[in-house]
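Undergrad: Quick one: this structure, given as structure tokens, is what I'll be asking you about.
The values are calculated or read from the model by the stated rules, or taken from the named source; none is laboratory data. It should be emphasised that the depicted structure is a prediction, and the values quoted were computed from it without experimental measurement. Note that each Cβ is placed from the backbone with ideal geometry, even for glycine, and that neighbours are counted across all protein chains shown. When the accessible area is computed, the model is the full protein with side chains, heavy atoms only, and any ligands, DNA or RNA have been set aside. Shrake-Rupley method; radii C 1.70, N 1.55, O 1.52, S 1.80 Å.
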Amino acid sequence: MRATLHLGLRGLRAHKRRLLGTFLAVVLGVSFLAGTMVLGDTLKSNFGTLFANAYAGTDAVVRGAGSIKADAGPAGVRAPITASLDQRVAVLPGVAAVAPSVSGAGQLVGADGKPIGGKGPPTTAGNWVTDPALNPYHLVQGRAPSAPGEAVINRGAARSGGLKVGDTTVLRAPDPVRVTIVGIAAFGSADGMGPSTFTGLTLADAQRYLLPRAGEVSTLLVKAAPGTSQEQLVRTIDTVLPAQDEAVTGAQAAQEDTTNVSSGFLSVFTTVLLVFAGIALLVATFTIHNTFAIVVAQRTRENALLRALGAARRQILGATLAEAVAVGLTASLAGLLGGIGVATGLKGLFSAIGMDLPTGGMVVTTSAVLVPVLVGTVVAIASALLPAIRAGRTAPVAAMRETAVEAVGGSRIRTVLGAVAGLAAAALTVLGATRGPSVALTAVGSVLALAAMIVLGPAAASLAVRVLGAPLPRLRGVSGALAARNAARNPRRTAATATALMVGVAVVSLFTVFGASIKQSLDDTVNRSFAGDLAISAPSFGAGGSGLSPRIAPAVAALPQVRNVVALGSGVAAVDGHAVKLDVTDPKALTGTVTLGATQGAVAGLGADGIAVSRAVADRYGWTVGQALPVAYADGSHQSLTLDAVYTDAGVVGDYLVTPQTWAPHRTQDSDTLVAVSLKQGVPLAAGRTAVEQAVAGFGGPTVQDRAQFATSAAAGIDMMLSVVYALLALAVLIALMGIANTLTLAMHERTRELGLLRGVGQTRAQLRSMVRWESVLVAVFGTVGGLGLGAFLGWALVRATDSTRTGSFALPVPQLVVVLAVGMLAGALAAVRPARRAARLEVLRAIAAP
Amino acid sequence: MSARVEDAVKIYGIAATQVRALDHVSVEFPAGRFTAVMGPSGSGKSTLMHCAAGLDTLTAGSAWIGGRDLSTLNDRQLTLLRRASVGFVFQAFNLVPTLTVLENITLPLDLAGRGGREREADREWIDSLVDVVGLGDRLRHRPSELSGGQQQRVAVARALVARPEVVFADEPTGNLDSRSGAEVLGLLRTASQELGRSVVMVTHDPVAAGHADEVLFLADGRLVDTMSAPTAALVLERMKAFDRPPVGSAAR
Ligand SMILES: Nc1ncnc2c1ncn2[C@@H]1O[C@H](COP(=O)(O)OP(=O)(O)OP(=O)(O)O)[C@@H](O)[C@H]1O
Ligand SMILES: [Mg+2]
């Protein structure tokens, strides 16, 4: 054991430089993993603190009992409660104070005329609760609102919007409300509740603008008298509440909000990041494996000598593993430190694209320390396992042989096995994409494809290098020819080096293809189903924004240039037990501007007791036209709606259509998401647009777009997502390139004598560098082309497999993929810079005399 | 005149560990002459060849090839000079394993970018070289598929292909049996006699030295003797003198 450890550590010292690449690969992968976990924990704790503070003085909350949470919504939607309940609660024993609370969406317009926030965090408005104990905000400047049109805004909103006390601006609620800022508030010591914005109005104003009906409030906030516990208080209040309302403790309300965020937004957020950390680690595994494989091959003679001198197999194996453990462990620990940096960097990345996250101290949990260190070490050991076993198997006679560095081709069995797996993978993937379609089948096929690619690697590498390298001699003379030969001399190694890059590039191209296809689908959808000339919308993202004023549609309809206007609003309900988002619209106006594709039944004839759904939904649940569907609303009421029509194109309108009459009794804050406009025949687009723009300018300045712009803006979110994905994948690609550089360095070391000979025979330093560079470029291009092919194929399969209605489009973004290829080539050349420089620095005589 | 060193001094290491590998050596290797360099191990034979071929630099004195002072050339110029005017046969590891026999032979031309029309002009020369080394049927083979003697013959052909002024060969027959050795020696001899090259060869073998026009004897970095029109017997006799403790003047 001692001898083993000693040998391993001595090996480590002797090969410090060679293992540098391994070390860095682990450091980067672990940094990413640790950073993600730290960021996740930190955000969770920050959100927890945020909500705990929000309910700090509140002992009980009275609210509507029913809650419906459609997939997209951040929190469940609840019906408002009767305002007069507060009197009944106030007189109860143990109640110290009651404050009615109104809350809704309200986006402020800044001093520059642009809306504040809206790119993720909520933009909220409500009443300014006068009881300081029940109001998590407190004034830092000015006074509370007391007259109609007066407002307090949080300090963060004031800062980013350039607003100050005394300013007048517009609150989009979403119907524009002119407000005068009379005070600035802080949330504890912070500028606001995280990055969200808040506008506090008088209770009367809040009720008027944020709730649909008079005499209602969103919730009641209750403070307990000294000596009364939150639970006691809730039990007491429950006795006077009507059936459709409920009371919960302040602690529970905070907990629910925290859970909502962490199981929704946060879990998606961290899962996505973890997936990318996983990709980086997978790529790192290839790099590490390759390094150890080469080091072991180069040490064959040394190990054989040790075996000849009496070292046991286990000791040689153990020595290599000890090296891996040492590298894995130290690199993981270094990665942990890097993780803190990554967490900060990721936060910066997201705020750079406008997705602000709450701030607060870093939270480093035990699992965020242990898991990355463990994963990093295990990855290092697992990667070194096969090479270590091979080292242990070294025959003592190998000490007498020249180190074998000649062509180690893929074995025939391996090639056959790979080909079979590849064919099976392709068949499964295509089947999943075309029949069914089945995402599961395609996913299994994709994983199999990746495995087949690894198995086929060496065979593919020798073929690819020969093909790709064929023009090199003509382009770069003998240096090019030598580069191609060198890349082909050990196909297994070339394959392992390129595979790391291939995985990275495959994921990049998969996302590129997938993103382009979604954009294409959106574009096609708009072209196919949007028959209007102009679209009015209020762009926002996540929980931000407040939508469009419901008064826009009538105002635009009154214009002489306009033929037809349709407004789309939204609501939530449980249809046949499924919580869904309803799309609320006037069916007659709708069919004038939006094409719904092949339709069964008549959407235009939809009545107040009818509903129309998309083909996808009808197929999924097996609903047929004429069937009665039970519908439940958040306010506790039930209704049976008849399925009047089933339509194909749900792209613009959504999956569930109901009339405004159906939704009106259950509505909360009034807002539209889209207003589509058709101009009269003969009205030029520009003129119609100007007229519409003027008409809507007074409603908080929403965006007016023509069809092309509307299609583009629908796809804008995709571009943002893609840029985040690219940034996250850059790390995996960087690790892969380090792998190439590392393999090259090791190969140069192996070929020292050959390099000396070439120089002796008259190869200039520049020629030698070019030889190394082109070898690297060849390997990189092989990896990139392989990755592009695999990624594009899997991208196609995934697009098809996820497109159950067969209405989506597939797009192969050739320019982007060409850029990826060019970047791959360039990166290959970059990876060669250091190895080439070191190789060129060799002294001819010393190189030739090298052992 | 093709190559010469003048008052050459080469010192390895510093201070206490200093080794004087060449100690004021002056020697000429004229065109058309086949020179053998002999001497005990560590006497500076390889060092002399390396410095004369521009693979290494002298500590003092000067080395010339075709009238150019090597100390005035930078790395690139030296490389180009080696490519065009010097052929070198190393003792071992002479061939690039990834290249075929033919590619190894033409490597200096390929590095110089002499393809296309120029290659047509070289074609006859390459063919005759291949003929001379007698490996016409192995041209597409890799070096690993050749015997040691065959490899050395390829190396000699490679050293001659660019029609260099000087050919240096460091123990080219060191690892070869007498028949293979004779083939290599015959090649070197042809190069000097028929092609008019200056050929310099280091050897420990009196028989090999017997093929040369002149033999130089080195000891402790000094040129101690020369012998014209050597035969194996004369060389052997002269070498025995080195084994005895040095007496009086060594030079004749
Ligand atoms: N790179 C070096 N560093 C230090 N000393 C060196 C170096 N190369 C050669 N020497 C020393 O210089 C002296 C001459 O070496 P050289 O290789 O020229 O001898 P040689 O005559 O070729 O010997 P051999 O017949 O064994 O090849 C020797 O003492 C040797 O130890
Ligand atoms: Mg020597």
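Undergrad: What residues does the stretch B:91-110 have that are buried by at least 20 Å² of accessible area in the full protein assembly compared to the chain on its own, 1.4 angstrom probe?
TA: Going by heavy-atom accessible area, the residues of the stretch B:91-110 that drop by at least 20 Å² are B:93, B:96, B:97, B:98, B:99, B:103, B:107, B:110.
Undergrad: Right, something else. Note every residue of the stretch A:740-783 with a reduction of at least 20 square angstrom in accessible area, all protein chains present versus the isolated chain, computed with a 1.4 Å probe, or write none.
TA: The answer is A:753, A:754, A:757, A:758, A:759, A:760, A:761, A:762, A:764, A:765, A:767.
Undergrad: Give me the base-10 log of I(q)/I(0) for chain B at each q in 0.07, 0.09, 0.12, 0.14 Å⁻¹, Debye formula, one uniform scatterer per Cα, rounded to two decimals.
TA: Results for chain B at q = 0.07, 0.09, 0.12, 0.14 Å⁻¹ read -0.24, -0.39, -0.69, -0.93.
Undergrad: Let me ask another. Using label points projected 7 Å from each Cα along Cα→Cβ, tell me how many nm separate residue A:642 and residue B:84, to one decimal.
TA: 9.9 nm
Undergrad: Would you mind checking which residues have amide H under 5 Å from residue B:218's amide H? H placed 1.01 Å from N; only 5 or more apart, or other chain.
TA: HN-HN under 5 Å from residue B:218: B:38, B:39, B:224.
Undergrad: Post the alpha-carbon centroid distance, the stretch A:719-743 to the stretch A:218-274, in whole angstrom.
TA: So the two Cα centres are separated by 43 Å.
Undergrad: Between the stretch A:482-533 and the stretch A:412-476, how far is it from one alpha carbon centroid to the other, in angstrom?
TA: What the calculation gives is 14 Å, centre to centre.
Undergrad: Kindly identify the stretch A:57-250 as rounded, prolate or oblate by the Cα gyration tensor criterion: order the square roots of the eigenvalues as a ≥ b ≥ c, call it rounded if a/c is under 1.5, otherwise compare a/b with b/c, prolate if a/b is larger, else oblate.
TA: It is prolate, given that a/c is not under 1.5 and a/b is the larger ratio.
Undergrad: Return the distance in nm (one decimal) between the two label points of a simple spin-label model at residue A:802 and residue B:71, each offset 7 Å from Cα along Cα→Cβ.
TA: With each label placed 7 Å out from Cα toward Cβ, I get 7.3 nm.
Undergrad: A further question on this structure: Please label the shape of the stretch A:503-629 as rounded, prolate or oblate, based on the square roots a ≥ b ≥ c of the eigenvalues of the alpha-carbon gyration tensor (a/c under 1.5 means rounded; beyond that, a/b larger than b/c means prolate, else oblate).
TA: Judged from the Cα gyration tensor, the stretch A:503-629 comes out oblate (a/c at least 1.5, b/c at or above a/b).
Undergrad: Calculate how many DSSP beta bridges within the stretch B:3-243 are antiparallel, expressed in % of all such bridges and rounded to the nearest 5.
TA: Antiparallel: roughly 55 percent of the beta bridges in the stretch B:3-243.
Undergrad: Then there is this: Over all Cα pairs of the stretch A:650-748, how is the pair count split among 10 Å bins, expressed in % and running from 0 up to the last occupied bin?
TA: Each 10 Å bin holds this share of Cα pairs: 10, 23, 24, 16, 10, 9, 6, 1.
Undergrad: Turning to a different aspect of this structure: What is the extension gain from residue A:313 to residue A:444, computed as 0.36 nm multiplied by their sequence separation minus the C-alpha to C-alpha distance, in nm to one decimal?
TA: Contour length minus Cα-Cα distance gives 43.3 nm.
Undergrad: Okay, moving on. Tell me, what HN-Hα J-couplings in whole Hz come from the Karplus equation 6.51 cos²θ - 1.76 cosθ + 1.60 at θ = phi - 60° for each residue of the stretch A:720-732, using x for Gly and Pro?
TA: 5, 4, 4, 5, 5, 4, 4, 4, 6, 7, 3, 5, 4
Undergrad: Could you provide, to the nearest whole Å², the per residue accessible area of the stretch A:656-812 with probe 1.4 Å?
TA: 35 Å²
Undergrad: When you look at the Cβ of every residue in B:47-53, what mean number of other chain Cβ atoms sits within 10 Å?
TA: The mean count of partner-chain Cβ atoms within 10 Å per residue comes to 1.
Undergrad: Separate question: So if each residue of separation counts as 0.36 nm, and I subtract the Cα-Cα distance between residue A:395 and residue A:685, what length gain in nm does that give?
TA: 96.1 nm
Undergrad: Using a cut-off of 9 Å between beta-carbons, work out the net charge of the residues near residue A:660 (Lys and Arg +1, Asp and Glu -1, residue A:660 not included).
TA: 0
Undergrad: Please express the shape of the protein assembly as shown as an equivalent ellipsoid: the semi-axes are the square roots of 5 times the eigenvalues of the C-alpha gyration tensor, given largest first in whole angstrom.
TA: Three semi-axes, in Å: 82, 32, 26.
Undergrad: Once the whole set of protein chains is in place, how much accessible area is left on residue A:619, using a 1.4 Å probe, in Å² to the nearest 10?
TA: Taking all protein chains as shown, residue A:619 has close to 100 Å².
Undergrad: Here is a follow-up. With a 1.4 Å probe on protein heavy atoms only, work out how much accessible surface B and A bury together, total over both chains, in Å² to the nearest 100.
TA: Using a 1.4 Å probe on protein heavy atoms, the buried area is about 2200 Å².
Undergrad: Using a 1.4 angstrom probe on heavy atoms only, work out the carbon and sulfur share of the accessible area of chain A in %.
TA: Roughly 63 percent, rounded to a whole number.
Undergrad: So who's got an amide H within less than 5 Å of the one on residue B:89, skipping anything under 5 residues away but keeping other chains? H placed 1.01 Å off N, in plane.
TA: Long-range HN contacts for residue B:89: B:168, B:169, B:170.
Undergrad: For the residue pair residue B:236 and residue A:661, what label-to-label distance in nm results when each label sits 7 Å from Cα along the Cα-to-beta-carbon direction?
TA: 12.6 nm
Undergrad: In sequence order, what are the phi-derived ³J(HN,Hα) couplings for the stretch A:685-694 according to the Karplus relation 6.51 cos²θ - 1.76 cosθ + 1.60 with θ = phi - 60°, rounded to whole Hz, with x for glycine and proline?
TA: 3, 4, 5, x, 5, 4, 4, 5, 4, 5
Undergrad: Taking θ = phi - 60°, what integer Hz values does the Karplus form 6.51 cos²θ - 1.76 cosθ + 1.60 yield along the stretch B:41-50, in sequence order, with x for Gly and Pro?
TA: 4, x, 7, x, 4, 4, 4, 4, 4, 4
Undergrad: Report, by chain and number, residues whose modeled amide H sits under 5 Å from the one on residue A:245, excluding near sequence neighbours (fewer than 5 apart, same chain).
TA: Sorted by chain and number, the residues that satisfy this are A:65.
Undergrad: Now, a different point. Could you state how much accessible area residue B:14 has, in square angstrom rounded to the nearest 10, with a 1.4 Å probe and all protein chains kept in place?
TA: Surface accessible to solvent at residue B:14 totals approximately 140 Å².
Undergrad: With the other protein chains left in place, how much accessible area per residue, in square angstrom, belongs to the stretch A:57-250 at a 1.4 angstrom probe?
TA: Per residue, the stretch A:57-250 has 40 Å² of solvent-accessible surface.
Undergrad: Now a separate question. Apply 1/(1 + (r/R0)^6) to the Cβ-Cβ distance of residue A:67 and residue A:466, taking R0 = 60 Å, and write down the FRET efficiency to the nearest 0.05.
TA: Step by step, r from the Cβ atoms, then E = 0.40.
Undergrad: Can you compute log10 of I(q)/I(0) for the stretch B:82-189 with the Debye formula, treating each Cα as one identical point scatterer, at q = 0.11, 0.13, 0.19, 0.22 Å⁻¹?
TA: -0.29, -0.41, -0.92, -1.25
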